[in-house]
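Here the structure comes first, spelled out in structure tokens, and everything after it is commentary.
A short reminder: the numbers here are calculations on the coordinates, not readings from a lab. The shown structure was predicted, so the numbers you read here are calculated from the model rather than taken from an experiment. Don't worry about glycine lacking a Cβ; one is built from the backbone with ideal geometry, like all the others, and counts go over all protein chains shown.
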């Protein structure tokens, strides 16, 4: 077989196989973008319902950071009674979104509507671990706060789905 | 669709591949090797040469793993993650589609890595170790040469550049190797035709280990024999396979086994005149000689 045929066939094989997961990732990403354009509006909860409200932490949240235009989507997952939080989507200041799959909280300790966890954040290229505290309101939204050597950080997590 | 795109954690992937890659040594390879030894005994072929050869094989894998770990700890870990971080397409999520495509790509890379090791002198100097056994059993799968861990780097780094997670790629590459291991047997004959058409099988791999003229440099595949069919290196098992290399080693001394490729290459380079000829011994196919 000629070298040029070998090269062409090999390139075709590599481009096809590598192209499949990239195309799928793009498709999933574009689907999520349309989700962002029309975020799910939380159901209007009446006071009657609120009386029997129980905090439920598992699910997806849109995270806003104080003083920063960028946003992220986080997901709290439960497995074997252990709660973990992952960053699943990053949204830049122009609204472009990028799929992500990074763990941000390894072990969330939940007590009703209050939770504590070691929060893994990135600051100026350095990966930091800071103690954080979260409080859930009766609409399922979360306020997170942490203190890192005097710097007080605050984030609002808006629930995307119940 | 959700099934295809559902992401999972790296630890879950590691757990699965650990069971398949490392676990298979205990639940598959060792029991099968014992079965092969029993078969040798029943056929009255069990002798010191087979046992000594198998022990030499195990010793070479220990040396190989030590080299690979040193190389990995000193260089590969940083290199792969540097490439993944700075010279890569957008990172792919860990889902069933990504893992499947990673297996296909890693297997295709294995095909080319394997083909290159057969077709250039420096590659053959290390890979000849694997082929130098005159026997064909599971222990031969673990007969490695000193630089067998180096050549795959050049073929797997481009996969990292395509956005595949380096850890996932490592698990998948070990999976290709584990699949390869179970092909080293004479116990299994030919499998049903559809399987023989798509997958690499013991029959196809026996051909690869043959020193018969028509079997030389054939069937380089890891998991899928379709690469050989597509790239013109496929051969069917027809006549009885004569295992080993065209210039037999005739030794079960593990040190001699492990280094004989390089000592032969060194002797050839030393005895030839001219810088170009010396370099040609490294890059030309095995058996190449300068014009006289």
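Brief remarks on what is shown
- Listing B:148, A:138, A:66 from fewest to most neighbouring C-beta atoms within 10 Å gives A:66, A:138, B:148.
- Taking the number of Cβ atoms within 10 Å of each Cβ as an exposure proxy, the fewest-first ranking of B:44, B:292 is B:292, B:44.
- For the residues of B:4-17, the average number of beta carbons from a partner chain within 10 Å of their own beta carbon is 2.
- Relative contact order of chain B, defined on C-alpha pairs under 8 angstrom at six or more residues apart (%): 24 percent
- Counting all C-alpha pairs of region B:152-278, share separated by more than 17 Å (%): 70 percent
- Chain B shape via C-alpha gyration tensor axes, a/c threshold 1.5: oblate
- Note on A:4-14: average number of Cβ atoms from other chains within 10 Å of each residue's Cβ is 3.
- Region A:47-159: relative contact order in percent, alpha carbon pairs under 8 Å with at least 6 residues between: 21 percent
- Prolate/oblate/rounded label for region B:1-138 (Cα gyration tensor, a/c 1.5): prolate
- Sorted by Cβ density within 10 Å, fewest first, the residues B:203, B:251: B:251, B:203
- Within 10 Å of each Cβ in A:21-29, the average number of Cβ atoms from other chains: 6
- Each peptide among B:160-166, B:101-107 gets the average number of other Cβ atoms lying within 10 Å of its residues, and from highest to lowest they stand as B:101-107, B:160-166.
- Across B:43, B:170, B:157, mean-square fluctuation computed from a Gaussian network of chain B (C-alpha pairs under 10 Å connected) peaks at B:43.
- GNM on chain B, alpha-carbon springs under 10 angstrom: the most fluctuating residue among B:95, B:219, B:47 is B:47.
- Taking every C-alpha pair closer than 8 Å and separated by at least 6 residues, the mean separation divided by the residue count of region B:41-180 gives a relative contact order of 40 percent.
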